[in-house]
Amino acid sequence: MTQQQHLILNITISMSCNEKGNARKLMQDALESHIPFAALYEALLQIHLFSGYPASIEGLSLLHEVYNEAPASIQEYDVQIFKQRGEKLCRDIYTTVFEKMNKRMHSFSPELSEWMIIDGYGKTLSRAGLDIQTRELINICMLSLGQWKQQVISHIRGALHVGVEMEDIEAAIECLHTKQTNEAYAFAHTMLKEFRS
């Protein structure tokens with residue numbers, strides 16, 4: 001795992017746990033290490049999917065403060081584009097189980113099935129500025145914080161599908177090895193062991 005990925009993961013974990021003091025320190029480290037503003041912006045924007053809008057709002061506000069920078073422009077809101085690129089990315093991640101997963105979700109909530117494609121994968125995870133490999137490592141950590149078993153296993157598989165190495169998944173899980181997130185760390189290790197078996 002790269003230094004950039006390591007810092008990004010630790011920042012998103014800190015913000016998801018409402019540890020702003022730690023996040024600020026890590027952002028200072030990121031600034032000094034020349035981690036691009038855009039990469040952190042995208043990572044913090046992304047965590048609203050799993051940690052809620054408050055984590056993203058507070059994280060992006062803090063990023064603006066530390067970097068003294070703001071995004072250049074807002075991305076045009078185009079539902080058709082979001083739907084097309086969302087379905088493509090979702091297929092890349094879920095591969096052969098995409099149809100089954102989507103059909104199952106549609107059976108209990110057609111709205112959520114569509115929102116997952118449009119909002120989750122199309123509007124958020126397909127954005128430029130951060131590679132999908134780093135995004136999937138973030139997803140694994142965020143889902144581990146919530147201890148969402150099936151979702152963690154799905155995103156471990158998805159990360160491998162988009163070219164993440166198993167050693168990078170293991171390194172991402174190590175980012176959860178702190179006093180505040182030890183339960184998530186143990187949970188993620190259990191999920192990884194289950195996935196391998």
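Brief remarks follow.
- Count of region 1-16 residues which are outside any helix (DSSP H, G or I) and buried (at least 18 other Cβ atoms within 10 Å of the Cβ): 1
- Consider region 160-173 and keep the residues that are over 15 Å from Gln4 (Cα atoms) and in a helix (DSSP H, G or I). The one that is nearest to the chain's Cα centre (by Cα) is Ile173.
- Checking each residue in region 109-136 for being of a type in the set (Val, Ile, Thr) and over 16 Å from Ala172 (Cβ atoms) picks out Ile117, Ile118, Thr124.
- Taken over region 45-76, the residue count meeting the criterion of being more than 23 Å from Asp29 (Cβ to Cβ) and either in a helix (DSSP H, G or I) or in contact (Cβ under 8 Å) with a residue 40 or more places away in the chain (or both) is 6.
- Scanning region 53-63 turns up one or more residues that are assigned by TED's automatic domain parsing to the domain that holds Leu137 and under 19 Å from Leu176 (Cβ atoms).
- Flag if Tyr121 is touching a residue at least 24 places away in the same chain (Cβ under 8 Å), touching a Pro at 6+ places or on another chain (Cβ under 9 Å), surrounded by 14 or more Cβ atoms within 10 Å (Cβ to Cβ) and in a helix (DSSP H, G or I): no
- Criterion (over 30 Å from Phe37 (Cα atoms) and charged (D, E, K, R)) met by exactly one of Lys100, Lys123: Lys100
- Condition met for Ala38 (touching a Leu at 6+ places or on another chain (Cβ under 9 Å), within 27 Å of Leu112 (Cα to Cα), in a helix (DSSP H, G or I) and not β-branched (Val, Ile, Thr)): no
The values are calculated or read from the model by the stated rules, or taken from the named source; none is laboratory data. Everything quoted here is computed from the prediction, not taken from an experiment. Virtual Cβ from ideal backbone geometry, glycine too; neighbours counted across all protein chains shown.
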